[in-house]
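Q: I have a structure I would like to understand better, so I am pasting it below and will then ask my questions one at a time.
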Amino acid sequence: MPAADTSASWSPPKGKVSDGNEKHGGAAAQDGRDEFGHPRLSGIALTLASEIEKRTGFETRSVVLGHIQRGGSPTAYDRVLATRYGLGAIDMVHRGEFGQMAALRGNKIISIPLAEAIASNRKVDQEILDAAVGILDKLDYKVSPRA
């Protein structure tokens, strides 16, 4: 992934920097900046939604996604898995494995090169697709043939 150019003279819109009272990832923001000194931004989704609505005339809403992406609150498994990923990432840093990501293979957290992670789209096994189609057929649910 190429490094981002941070030399541009940009400043956040007025009123969009936090007041510094939030805590994120265990580090308290101070003076509207994160632990790395970058401006802590917030509210851009509302601003963007408003602008889209103004320009298109379509009602537009912003949503802050969290666990909603998965469809519900995290389970104990989700929490333990997240912890395992975090520990895997820490171990990778200690081993000097940069340019890698933590991945789940079977029940093990491993490190894989980022290039491998994005080399191709993951595909669902045909056997699993056939089983799903078979179940849906039994329920008399019409499934369009695969392209």
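The values are calculated or read from the model by the stated rules, or taken from the named source; none is laboratory data. No experiment lies behind these values; they were computed from the predicted model shown. All Cβ positions, glycine included, derive from the backbone under ideal geometry; neighbour counts span all protein chains shown.
Q: Going residue by residue through the stretch 107-117, is there one that turns out to be at pLDDT 90 or above, of a type in the set (Ser, Thr, Tyr), surrounded by 10 or more Cβ atoms within 10 Å (Cβ to Cβ) and not in a strand (DSSP E or B)?
A: no
Q: Would you pick out the residues in the stretch 73-84 that are assigned to a loop (DSSP other than H, G, I, E, B) and surrounded by 12 or more Cβ atoms within 10 Å (Cβ to Cβ)?
A: To start, the set of residues in the stretch 73-84 that are assigned to a loop (DSSP other than H, G, I, E, B) comprises 73-75.
Of everything in the stretch 73-84, just one residue is assigned to a loop (DSSP other than H, G, I, E, B) and surrounded by 12 or more Cβ atoms within 10 Å (Cβ to Cβ), namely 74.
Q: Can you name the residue in the stretch 39-81 that is among the charged types (D, E, K, R) and under 30 Å from residue 102 (Cα atoms) and is also modelled with the lowest pLDDT among such residues? Explain how you work it out, then say what you get.
A: Applying the first criterion (among the charged types (D, E, K, R)) to the stretch 39-81 yields 40, 51, 53-55, 59, 61, 70, 78-79.
Still in the running and under 30 Å from residue 102 (Cα atoms): 40, 70, 78-79.
Numbers: 40: 72, 70: 58, 78: 89, 79: 91.
This residue is 70.
Q: Part of a strand (DSSP E or B), modelled with pLDDT of 90 or more and of a type outside the set (Gly, Ala, Ser), is that true of residue 87?
A: Criteria not met by residue 87.
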